[in-house]
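Taking it in order: structure first as structure tokens, then the write-up.
Read-outs throughout are calculated quantities, based only on the coordinates presented, and are distinct from any laboratory measurement. This is a predicted model, so every value here is computed, not measured. Glycine also receives a Cβ, built like all others from the backbone with ideal geometry; neighbour counts cover every protein chain displayed.
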Amino acid sequence: MHKRQVAVWKNGWLQHCIHQPSPNFAPRTDPQNVSVVVLHNISLPPFEYGQGAVQRLFTNQLNNNEDDVFLRSLTSLRVSSHFFIERDGTLTQFVSCEDAAYHAGISRFNGKEGCNDFSIGIELEGCDFEPFTSVQYDQLIELLQAICAVFPIRAVTGHEHIAPGRKSDPGHYFQWEKLCKEYLPVVTNYQ
Ligand SMILES: [Zn+2]
């Protein structure tokens, strides 16, 4: 049973999760305007879980000696989400929510370009081709509630929606209906 805790924040860091600080962020131009949450999926190497490679990517620790050729191709990338939720629900934070993590790339929400500047990025360990786990949804909903308690979030959307044609995550298997208004006082991509 997932134990619900009261969310405590300090300088944009959620206190009851793993912290692995990443340098892959910029200061926000308007720290008061953190209004969107962007959901992603990621697996490294592709379709493999629990290898620790996502955490190493987000903290610039991949190197040219990686066994996996795909991982070697990522060594010069400078990216990170704010949060990463593993298949077993483990939650890790990489960047303070007061800063703009490099998670969205070229993107647009409601006509506004450059979503990194005004959004919080959450990566779910997974891919476009299989369902996410129920403990991931439990952790995600709890995290979204903690975020909405302190930031003026107006929408929860997907990388595929802010970068259409370029990105496809969180993908077909993500169940937007689990984020209905029963849990969150914000607009989501659930139709
Ligand atoms: Zn993404």
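Brief remarks follow.
- Residues located in the stretch 45-70, provided they are among the β-branched types (V, I, T) and in contact (Cβ under 8 Å) with a residue 60 or more places away in the chain: V54
- Selection count, the stretch 111-164, where residues are touching a Pro at 6+ places or on another chain (Cβ under 9 Å) and farther than 20 Å from L44 by Cα: 2
- Within the stretch 113-123, the residues that satisfy the criterion of being under 14 Å from F151 (Cβ atoms) and either within 15 Å of the ligand (Cβ to nearest atom) or touching a His at 6+ places or on another chain (Cβ under 8 Å) (or both) are S119, I120, G121, I122.
- Looking across the stretch 71-98, the residues that are polar (S, T, N, Q) and free of Cβ contacts under 8 Å to residues at least 60 places away in the same chain come down to S73, T75, S76, S80, S81.
Residue by residue, here is whether (1) of a type outside the set (A, V, I, L, M); (2) surrounded by 21 or more Cβ atoms within 10 Å (Cβ to Cβ); (3) within 18 Å of C115 (Cβ to Cβ) holds:
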site: P131; (1), (2), (3): yes, no, no
site: Y137; (1), (2), (3): yes, no, no
site: L143; (1), (2), (3): no, yes, no
site: P164; (1), (2), (3): yes, no, yes
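- Meets criteria (outside any helix (DSSP H, G or I) and either in contact with a Gly (Cβ under 6 Å, 6 or more places away or on another chain) or touching a residue at least 60 places away in the same chain (Cβ under 8 Å) (or both)) for D169: yes
- Residues of the stretch 153-181 satisfying the condition of being within 11 Å of the ligand (Cβ to nearest atom) and among the basic types (K, R): R166, K167
Every residue, every condition in (1) under 26 Å from H16 (Cα atoms); (2) touching a Lys or Arg at 6+ places or on another chain (Cβ under 6 Å), yes or no:
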{"position": "H103", "(1), (2)": "yes, no"}
{"position": "K112", "(1), (2)": "no, no"}
{"position": "C115", "(1), (2)": "no, no"}
{"position": "I120", "(1), (2)": "yes, no"}
{"position": "L124", "(1), (2)": "yes, no"}
{"position": "E130", "(1), (2)": "no, no"}
{"position": "T133", "(1), (2)": "yes, yes"}
{"position": "I141", "(1), (2)": "yes, no"}
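Yes or no, residue by residue, for (1) basic (K, R); (2) closer than 26 Å to E160 by Cβ; (3) out of contact with any helix residue (DSSP H, G or I) (no Cβ under 6 Å at 6 or more places or on another chain):
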position: N11; (1), (2), (3): no, no, yes
position: P21; (1), (2), (3): no, no, yes
position: Q51; (1), (2), (3): no, yes, yes
position: T59; (1), (2), (3): no, yes, yes
position: F70; (1), (2), (3): no, yes, yes
position: I85; (1), (2), (3): no, yes, no
position: Q93; (1), (2), (3): no, yes, yes
position: G111; (1), (2), (3): no, yes, yes
